[in-house]
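Undergrad: I'd like to ask some things about the structure below.
Every number in this text was worked out from the coordinates using simple rules, so none of it is lab data. Keep in mind that what you see is a predicted model, and the values were worked out from it rather than measured. For neighbour counting, all protein chains shown are included, and Cβ atoms are generated from backbone atoms with ideal geometry for every residue, glycine included.
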Amino acid sequence: MGASQRRIAMLSVHSCPVGNLGAKDTGGMSVYIRELARELGKQGLLVDIYTRVHAPKDKQIYRLSQNAQLIHLRAGEDEEIHKLAVYTYLPNFADNLENFRRQNSLNYDLVFSHYWLSGRVGQYLQHRWNVPHVMMFHTLGAIKNAIGIGEDELELRIETERHLAGNRHHTIATTEKEKEELIRHYGASPERISVIPCGVNLELFQPVDKKMAKQQLGFGDDKIILFVGRISPLKGIDQLIRAMTYLQNGQGLRLVIIGGDENSQSEMERLQKLSRKLHIESSVTFLGMIKHEKLPCFYSAADVCVIPSYYESFGLVALESMACGTPVVANNVGDLKSIIHQGGTGYVVMDNAPHCLAEKIALLLSKSSPGMKSALSIRESVTRFSWSHIAQEIIRECRLVLANYSAHGH
C-alpha cells in the first residue's frame, strides 16, 4: 500500500473516539479506532475519522497525531442521542461528509467503517466515490439477542448487519469466533473475512509499583479486585458482586468498579442495591468514569482484574491489565482464551457463575497458583499486541483489498 499516497475515511458515526470512556456508547471500539488511526498515521497513511457532533463544545477538527485527525459533522441535534435515533440522521451525516470532502478537496482511496450504523454510511460512500469498503462490526446484534441479557437488538440492526455482511468488500474480525459467527448468522463469505486482533498502547499501559499505586489511590493495604468497562447488564457485573460473598471470610478486600455515566444510572443503582442486599456495600466502590490515561495506576494497584462479561467481541481490558502486569480472571468470551495463559497470567472460566469467578480470584489473591508469572512476564505475554504490529497487519489487508478492487475493474 503506497502509504504516503493513501487516504482513508474512517467512520465512527455514533461513538466519538475522544468521548468519555465507560459511558453508555463509548468503550473498547472508541479506543480501538483512536489508537489504530494514530498508528496508521505514524506509518504514513492519511486518516480522517468522521463522527457526529455530540455536544456544542465539540471542535470540528481534532488533531490526533501526525497524519490522523478526527472530524465532527452535524447529524441531528448537537447532543447525545440514543444510537438508534442516529439511524434517522445517517443520510444527513453522509451529505455533510461529502460537503466537507468537496470543500477541502479531499479524495479517499478506501472507506473503513466501524459498527453497523457507520457501515450504512460506508456502503453509500463506496458507491458514490467508487472505492472499496472495509468494515468492522465490533459486536453483532444476532449474538446479543442469542445471549438474552439486557435490551433486545431490533430487527433493523440484524437485517442491516446481514445486508452489510454480504455487500462490503472486506470484513476485519478481531477473533476466529467472530468470523465463524458472521458466517453462521449472516451468511458472510469466509474468503472476505480476515482476523486481526485488537492492540494495546504499551507506552501508556506500563506497570507501576503496586504499593505506590495503592497509596496514591488511597487503597491502603486492601486487596483490590478491579472491573473496568461500561456499566451494562451484558458486562456481568452483578455476577462479580455476588462472587464477593464467597471471598468475604477475610477482611481488607475491595471491589473497585470503574465506568458508567448518567445514562447508566439505573443499572448502577441496581448494582448498588444488590451490594447492599448482600451486605457487602462497604467492600464495593463505584468510581464512575476515569480518564484513560489514569487507568494504568488502577490496573497496577489491582491484585486481579476481572472480566465477568456475557459477551465481548475481543476483551481489550485484558490486554490493558496484563500490559500493566496484573493477572486477569475472565469468562470465556472474545479472544481471552488465547490471550490468558491458564494459571500463568490469569484464568479463563467456562461460566461466569459467582462461585467459578470467586474460586479463581481466590487463587490469585492467595498467590497459590504455582505457575503464576511475575508482573514483567505477564506484560511480556501481550507485547505481540502492540499497535504498531496490529497497524502493519491492517495495512497489509487494505493493500490486498485495493489490489483486488483494481484487478476487478471497479
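Undergrad: Where does the charge balance sit around residue 351 when Lys and Arg score +1, Asp and Glu -1, over other residues with C-beta under 12 Å from its C-beta? Let's see the in-between values first.
TA: Working: positive: 360; negative: 359.
Value of the local net charge: 0.
Undergrad: Sort 289, 244 so the one with the fewest other Cβ atoms within 10 Å of its own Cβ comes first.
TA: On the way: 289 17, 244 21.
The order, fewest Cβ neighbours first, is 289, 244.
Undergrad: Another one. With just the Cα atoms defining each centre, how far is the stretch 164-180 from the stretch 253-311? Give it in Å.
TA: Centre-to-centre (Cα) distance: 32 Å.
Undergrad: Read through the labelled values [x] 133; [y] 238; [z] 266 and report the label of the one computed as volume of the Cα convex hull per residue in Å³ from the structure.
TA: Checked against the structure: label [x].
Undergrad: Another question, if that's okay. To the nearest 10 degrees, how steeply does helix 116-129 sit against the main Cα axis of the chain, on a 0 to 90 scale?
TA: On a 0 to 90 degree scale, this one is about 20.
Undergrad: Considering only the chain, what is the antiparallel percent among its DSSP beta bridges, to the nearest 5? Don't skip to the end; give the middle numbers.
TA: Values: 4 of 49 bridges.
Counting DSSP beta bridges with both partners in the chain, the antiparallel share is about 10 percent.
Undergrad: Test of the criteria: in the stretch 332-410, which trypsin sites (Lys or Arg not before Pro) are in a DSSP loop and have at most 10 other Cβ atoms within 10 angstrom of their Cβ? Don't jump to the answer; show the numbers that get you there.
TA: Values: sites: 337, 360, 367, 373, 379, 384, 396, 399; in loops: 367, 373.
Sparse-neighbourhood loop trypsin sites (Lys or Arg not before Pro): 367.
Undergrad: Now a separate question. What is the local net charge at residue 195, summed over the other residues whose Cβ is closer than 13 Å to its Cβ (Lys, Arg +1; Asp, Glu -1)?
TA: On the way: positive: 177, 179, 192, 396; negative: 176, 178, 180, 181, 191, 335, 393, 397.
Here the count lands on -4.
Undergrad: Follow-up. Quick one: compute a quarter of the convex hull surface over the Cα atoms of the stretch 210-384 and quote it in nm².
TA: Values: hull surface 37.1 nm².
Computing the convex hull of the Cα atoms and averaging its projections yields 9.3 nm².
Undergrad: Under the rule of -39500 (n - 2.57) per DSSP H run of 4 or more residues, summed and divided by the residues of the chain, what mean residue ellipticity at 222 nm is obtained, to the nearest 500 deg cm²/dmol? Working shown, then result.
TA: Numbers: 16 runs with 163 residues, N = 410.
Value at 222 nm, helices only, nearest 500: -11500 deg cm²/dmol.
Undergrad: Give the angle, between 0 and 90 degrees and rounded to the nearest 10, that separates the Cα long axis of helix 176-186 from the longest principal axis of the Cα atoms of the chain.
TA: Helix 176-186 sits roughly 60 degrees off the main axis of the chain.
Undergrad: Summing Lys, Arg as +1 and Asp, Glu as -1, what charge do residues with Cβ under 13 Å from the Cβ of residue 60 carry, residue 60 excluded? List each step's numbers first, then the result.
TA: Working: positive: 52, 57, 59, 63, 74; negative: 48, 58, 78.
With Lys, Arg at +1 and Asp, Glu at -1, the net is +2.
Undergrad: According to a simple spin-label model (label point 7 Å from Cα along Cα-to-Cβ), what is the distance in nm between residue 203 and residue 377?
TA: Rounded to a tenth, the inter-label distance reads 3.0 nm.
Undergrad: Hey, another quick one. Name the aspartates and glutamates eligible as straight-distance cross-link partners of residue 223: C-alpha to C-alpha under 13 Å, and not fewer than 8 places from it in the same chain.
TA: Reachable aspartates and glutamates: 303.
Undergrad: If I take every Cα pair under 8 Å that is 6 or more residues apart in the chain, average their sequence separation and divide by the length, what percent do I get for the relative contact order? Could you put the intermediate results ahead of the total?
TA: Numbers: 796 pairs, mean separation 65.5, N = 410.
Across the chain, relative contact order equals 16 percent.
Undergrad: Just to verify a number: FRET efficiency for residue 152 and residue 350, C-beta to C-beta distance, R0 = 25 Å, to 0.05? Don't skip to the end; give the middle numbers.
TA: Values: r = 25 Å, r/R0 = 1.02.
E between residue 152 and residue 350, to the nearest 0.05, is 0.45.
Undergrad: Relative to the Cα centre, what is the charge dipole magnitude of the chain, using +1 at the beta carbon of each Lys and Arg, -1 at the beta carbon of each Asp and Glu, and rounding to the nearest 20 debye? If you can, show how the numbers build up before the last one.
TA: Details: 46 positive and 43 negative charges, 134 e Å.
The dipole of the chain has a size of about 640 debye.
Undergrad: Distance between the C-alpha centers of the stretch 31-48 and the stretch 339-381? Whole Å please.
TA: 33
Undergrad: Kindly put 38, 184 in sequence by how many other C-beta atoms sit within 10 Å of each C-beta, fewest to most.
TA: Numbers: 38 20, 184 11.
Listing 38, 184 from fewest to most nearby Cβ atoms yields 184, 38.
Undergrad: Then there is this: Which order results if 268, 29, 322 are arranged by neighbouring Cβ count within 10 Å, fewest first? Provide the component values of the computation, followed by the final result.
TA: Details: 268 19, 29 23, 322 29.
Ascending number of Cβ neighbours within 10 Å: 268, 29, 322.
Undergrad: According to the square roots a ≥ b ≥ c of the eigenvalues of the Cα gyration tensor, what is the shape class of the stretch 330-378, taking rounded for a/c under 1.5, prolate for a/b larger than b/c otherwise, and oblate for the remainder? Before the final figure, lay out each step's value.
TA: Details: a/c = 2.75, a/b = 1.19, b/c = 2.31.
The shape class here is oblate.
Undergrad: Going down the table (211/337; 144/277; 42/177; 83/360; 144/367; 59/214), which pairs top 32 Å between alpha carbons?
TA: Exceeds cut-off: 83/360; 144/367; 59/214.
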